[in-house]
Structures are given as structure tokens and as C-alpha cells.
Amino acid sequence: MRAKFWKRFSKNKLAVLGGCIVLCLFVVSLLAPWLAPYDPSEINLKLVLLPPSSAHWLGTDQLGRDVLSRMIWGARISLKVGFVATGIAVIIGTLLGAFSGYYGGGVDAIIMRFVDIMLCFPTFFLILAVIAILEPSIWNIMIVIGSTSWMGITRLVRADFISLKKRDFILAARAVGASDARIIFVHILPNAMASILVAATLGIAGAILTESALSFLGIGVQPPTPSWGNILTAGKDNIDIAWWLSFYPGLAILATVLGYNMLGEGIRDSLDPRLIK
Amino acid sequence: MIPLLIGITVVCFAVMHLAPGSPTDMQTQMNPKASLEAKQRLRQMYELDKPLHQQYLSWIKKLARLDLGKSFSPDHRPVADKILERLPITIVLNILSMGLIILTAIPIGVLSAVYQDTFFDRLTSVFVFVGFAVPTFWLALLLMILFGVNLGWLPISGIRSLNYEYLPAGAALVDLIKHLILPVLLSAFGGLAGLSRYMRANMLEVIRQDYIMTARAKGLAEVVVVYKHALRNALLPVITILGLSVPGLIGGSVIFETIFAIPGMGQLFYMSVMARDYPVVMGILFIGAVLTLLGNLIADVSYALADPRIRVS
């Protein structure tokens, strides 16, 4: 089955391209201290707002810092935020979805009403409100993005559990006396992993977009820590003189989100159709 | 509907009150002379010293009378007034962009389904894929640089020019439209990709149905088959999607109104969040959720009106 997956995946050009983009980002984040040509927070007031040149490939910002170096370090931030925030969403979503689908009845009704209520809020409003109270910091952002984006995964996992719990192998497990916890986590959950994986890959893209929007508004990752979003804030402040501050970080966000989306859809298309609804 | 509404008020309240920090911190931390007593007095004034459930009950009682309390900001105006004066521009902007989404996404979706696997279909697929990934605030910056700074065709902030009051009616209207072009275009862009993709999938599914084959078999022109028989049925589910896109549009208004300095509800929300103006933030969070609920309700009702199959007899 795994061999079939790889065969289908490697034939899908977009998926492979997406995978390459994501892999590149990992390498860049990992090697940031060696790849970055300058110290990302080194201020040099003699080099303020220089356009791209051979010394500073992507120009410098309003404090004379090298934009390329800041973007390379920024890749680390978005990778971190994407993975941790999505991890939180996956944990909450999977647990709630599993309980909801497995137990049904009152538990299901309460959890699903809660999902409905959460879906009524414009997510960005909710995130903004919480962030402002919690003080913006990278950890708070990850927690808040994660805890406001689990609803889709809950519905997905619930649907999987409802159909899986009626299968014969679950009845067999119950017949030999397996506990609820064992049935949920050992027998059903592995079979629902495929769709969770796809949702998580797409979720990382969403989390990175949200983080950059928050940082852009000044309530995300705080300077001097470089993030693609807060470089764009500087771009907006200097919109009439320094186009490079706006152009390149956005391009990086676009490529990253595109990469995760292509990878996620590629995985979905390559999975065994029996595992995906 | 009612349980949802109650749930919404609980979440609004919980979000604002269970988190650490207090609005009085904001007013006193700038002032080192503020004594503990003064802080206490402030807390009493805002009823923050009472138990949480009492605060919630008094908030919800006022809410039932559409009283959202008074703003913590120095002007101490009623929250409802502050929101109401800014709500119309946000709603107008969102309706305009919703209209633009419908007018462009539906034809794109239909055409790429009818001409499946042609150059046009591939082109729109690429467009949709990129559209999903583009950070719209970045696109806003690029368009501001292009049309506002380099070409100087469009203004990049506010909804009126400084000399607005002195312009004749016609010129004033043109002025307003010029200010609205970029925000509406960008806010529509966010929803465009999703809806056109959805429309395409719907259309492809409908075209495969038996009754479409029947229509073709009895010799109807392809145009009639596609635009009369198939389109009608493919359009139905779109109503629901439009209802579901309301929270996204409203949420997006924070970003656009902040970038373009548009004095709407989104900008008020951003400023209130920055100032920790709890009553305003709670009020807008609540109104945003209610607008979403309303959008879904309208979608459900119009779906029932449009589709005879789900009408309850």
C-alpha cells in the first residue's frame, strides 16, 4: 500500500514540487545561522533603506538591517508557528472528534454544538481579541491560532469514527474485551490518520498565513525578532520609497503556503481512495 | 438558533474575562503614581470586582435591551453607538465584494467546467491555486504601490479626499468610488478562488447527471442544456457557500480597513483591541457572530425558497 502511495505521489508533479518547496524551507530554517549573510538584527544607520544590490541582495530595511538575512531567520519563525499551531489544532480536533464520533448521543451533541458556536465567530476577530489580552508573543500566537482552528478536524475525525466504529474488526476488538480507550486510540485512530494528515498539511499553510497577517498588524511576532509579516509592516510604513520591503517577504509567504497546499492536495490524491471520503 | 446565540454570548464573555490581564492595567501601567487604591476604584467603576457570573448576567441583561455598555476609552460613549456609526460602511463594503465575487466566480467556475481540460480551465486552475495561497494584505500593498504610488491613479487611504465637502455631487461620488475600488477588489479576491472552484465542481457533477443526457438526447441545443438545465441545478448549493463565507469576509475587514484606513467596524475592532477596550471588543465579537448567524439563516431560507425538493410540506 505504501509503495502504491509513493508511486502515485511521485507521478504528481505539483505534489513533488510542493514537497520540494517544503523541504527547502526546512533546510533554510535549519541552516539559518550559516546561510544568512549578515546578522539579522545588526542595526547600521549608514545603510538605511538601500535598494537590492550585490552586497545586500534584497536590500536593507529602515534600520539598515539586511532583508535577506531577516527573511532567512523569518523562515524559522513561520515553520515553528505552522507546526506548533497545527499540532495544537490536531490534538484538540482529534480528541473531540474521536469522543464525539465514538460515544455519540449526548457527548456528540454537546461537542458538535460547541463546534457550531465556534464556527459562528469570524476566526480572525476571535484570534485578535485573545492575542490582545494575552500580550503578543510567539508562544501565545501559536496557542491562539491552534485553539481557534480545530473545528474542521473535529468534524473530519468524527465522520471517520462514526463509519469505522461499526466495522467488524471493532466489534471483534470489543468482543475480546478491549477498553474504550484502546479501541479509540489503537484500533480506530490509525485508520483515521490519513485524512488527519492531509488536513494538518493544509492547516500549516493556514496557520502561516494567519501568523503573517497578525505580525503585519503588529500583534504577532514582535520586532526585533524577524518574521515575514513584520518585515511587511516596515514595507507598509515605507510604501512610497522601498518596494523591496513589501515585495520579497510576501513572495516568501506565497511560495510557502503554495508549497504546503500542493503537498497536502498531492498526499490526498495519492492516498488509497478507500481511506479518504 | 437560540442555544447558539446563548453559546455565542458565553464564548464572547469567556474570551475577554478568563484571560489574564485587566483593562485597568492599561490605564495605570503608564502612570507609576497610580496607587493600588486608584486601581481598585477603577475596577469598582467598571464592575470588574464582582464575581464572574454576576458580571456575565449583568452584561447579558443589558444585551437583551441592546445595551452593549459604555466604552472604556476616554470618550465613554455607549458601545452600541460607536459600532452602529461604523457598521454601515463595513456592510456596504462586504456586500459590494460579495456581489463582485458572485459576478466573477460563477462565470469562471461554469466556463472552466464546460470547457474542462482546455487552456482556459488550466489557467483558472492555476489562478485559483495561487489565489488560495496569496496573503491578501501583501497583494494590497503591491496594488497600493502600483496604482497609488507609481501610477498615482487611486488614493490609498480613507474613503474620502480631504476636499470632499467642496466637491460637486458627481465628483464626490467619483471620489468615493475611487477610494473603494482597491478595498472591494481585494476583499473579493479572498473569496473568489474558493467559490469558483466550488462552482466548477458542482457544474461537473450536474453535467454527468441523467437528466442532462436526456436533455441532450431530445435534441436541445448545447447552450440551452448548459445554461438552462445544468446551471440552475449547479447554482443551488452555492447559496449555502455564500452564507458560509460571511465570517471570512467580516474577519477580513479588520485587515483591509486597517491597511486602507477605512473608518468601519474592522478598524474600530483593531483600535479597541489595541486599547483593551473590553466592552467594544466584546460588542463587536458578538455582532460579528450574529451577522454570521444571520448570513447562514438567510442562506438556509433562500435555499428552501429556491429548491422545491427541500421545502417542508
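So the values come out like this:
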quantity	calculated
Test: residue in the range A:270-277 that is touching a Ser or Thr at 6+ places or on another chain (Cβ under 9 Å), surrounded by fewer than 24 Cβ atoms within 10 Å (Cβ to Cβ), part of a helix (DSSP H, G or I) and at the interface with another protein chain (Cβ under 10 Å from one of its Cβ atoms)	no
Residue check for A:I153: modelled with pLDDT of 90 or more, within 23 Å of the chain's Cα centre (by Cα) and open to solvent by 60 Å² or more (accessible area, probe 1.4 Å)	no
Residues of the range A:1-23 satisfying the condition of being closer than 17 Å to A:G82 by Cα and open to solvent by 80 Å² or more (accessible area, probe 1.4 Å)	A:L23
Where B:A221 falls short, out of the listed (1) open to solvent by 60 Å² or more (accessible area, probe 1.4 Å); (2) without any contact (Cβ under 8 Å) to a residue 12 or more places away in the chain	(1)
Subset of the range A:223-240 (residues that are in a loop (DSSP other than H, G, I, E, B) and within 9 Å of another protein chain (Cβ to nearest Cβ))	A:I239, A:D240
Subset tally (residues that are touching a strand residue (DSSP E or B) at 6+ places or on another chain (Cβ under 9 Å) and either part of a helix (DSSP H, G or I) or open to solvent by less than 30 Å² (accessible area, probe 1.4 Å) (or both)) for the range B:65-83	4
Subset of the range B:123-144 [within 12 Å of another protein chain (Cβ to nearest Cβ) and open to solvent by 20 Å² or more (accessible area, probe 1.4 Å)]	B:S125, B:V126, B:F129, B:V130, B:F132, B:T136, B:L139, B:L142, B:L143
Output for the range A:33-77, where each listed residue is over 22 Å from A:A213 (Cα atoms), at pLDDT 85 or above and part of a helix (DSSP H, G or I)	A:P33, A:W34, A:L35
Matching residues, the range B:1-12, being open to solvent by less than 20 Å² (accessible area, probe 1.4 Å) and more than 9 Å from every other protein chain (Cβ to nearest Cβ)	B:T9
Test result for B:Y303, in contact with a Ser or Thr (Cβ under 9 Å, 6 or more places away or on another chain), away from chain A (no Cβ under 14 Å) and open to solvent by less than 80 Å² (accessible area, probe 1.4 Å)	yes
Members of the range B:53-78 that are of a type in the set (S, T, N, Q) and without any contact (Cβ under 8 Å) to a residue 60 or more places away in the chain	B:Q54, B:Q55, B:S58
Selected residue (criterion: most open to solvent (accessible area, probe 1.4 Å)) from residues of the range A:117-145 that are of a type in the set (G, A, S) and out of contact with any Lys or Arg (no Cβ under 9 Å at 6 or more places or on another chain)	A:S137
Verdict on A:A200 being at pLDDT 90 or above, in a helix (DSSP H, G or I), in contact with a helix residue (DSSP H, G or I) (Cβ under 9 Å, 6 or more places away or on another chain) and closer than 26 Å to A:L96 by Cβ	yes
Subset of the range B:161-199 [open to solvent by 40 Å² or more (accessible area, probe 1.4 Å) and among the charged types (D, E, K, R)]	B:E165, B:K178, B:R197
Flag for A:S215 being part of a helix (DSSP H, G or I), open to solvent by 10 Å² or more (accessible area, probe 1.4 Å) and either closer than 30 Å to A:A255 by Cβ or at pLDDT 90 or above (or both)	no
Cross-chain or 6+ apart pairs with Cβ under 6 Å, the range B:267-285 first and at the interface with another protein chain (Cβ under 10 Å from one of its Cβ atoms), then open to solvent by 10 Å² or more (accessible area, probe 1.4 Å) and modelled with pLDDT of 85 or more	B:Y270/B:T258
Top-ranked residue of the range A:78-97 - restricted to ones that are surrounded by 21 or more Cβ atoms within 10 Å (Cβ to Cβ) and over 17 Å from A:V198 (Cα atoms), ranked as modelled with the lowest pLDDT	A:S78
B:R276 vs. criteria over 30 Å from A:I239 (Cα atoms) and either basic (K, R) or open to solvent by 50 Å² or more (accessible area, probe 1.4 Å) (or both)	no
Leading residue by the ranking (surrounded by the fewest Cβ atoms within 10 Å (Cβ to Cβ)) among those in the range B:145-160 that are under 21 Å from the mean Cα position of the chain (by Cα) and within 17 Å of A:S246 (Cβ to Cβ)	B:S157
Single match in A:G250, A:G220, A:G206, A:G266 (criterion: open to solvent by less than 20 Å² (accessible area, probe 1.4 Å), within 14 Å of chain B (Cβ to nearest Cβ) and more than 28 Å from A:W57 (Cα to Cα))	A:G266
Candidates B:V114, B:V110 - the one that is open to solvent by 40 Å² or more (accessible area, probe 1.4 Å), of a type in the set (A, V, I, L, M) and away from chain A (no Cβ under 14 Å)	B:V114
Residue that is farthest from the other protein chains (Cβ to nearest Cβ) [pool: residues in the range B:238-257 that are open to solvent by 30 Å² or more (accessible area, probe 1.4 Å) and assigned to a helix (DSSP H, G or I)]	B:I239
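The values are calculated or read from the model by the stated rules, or taken from the named source; none is laboratory data. Since the model is a prediction, treat every value here as computed from it, not as a measurement. When we count neighbours, we look across all protein chains shown, and the Cβ atoms used for this are built from the backbone with ideal geometry, even at glycine. Accessible surface is based on the protein model in full, side chains and every heavy atom, while ligands, DNA and RNA are left aside. Shrake-Rupley method; radii C 1.70, N 1.55, O 1.52, S 1.80 Å.
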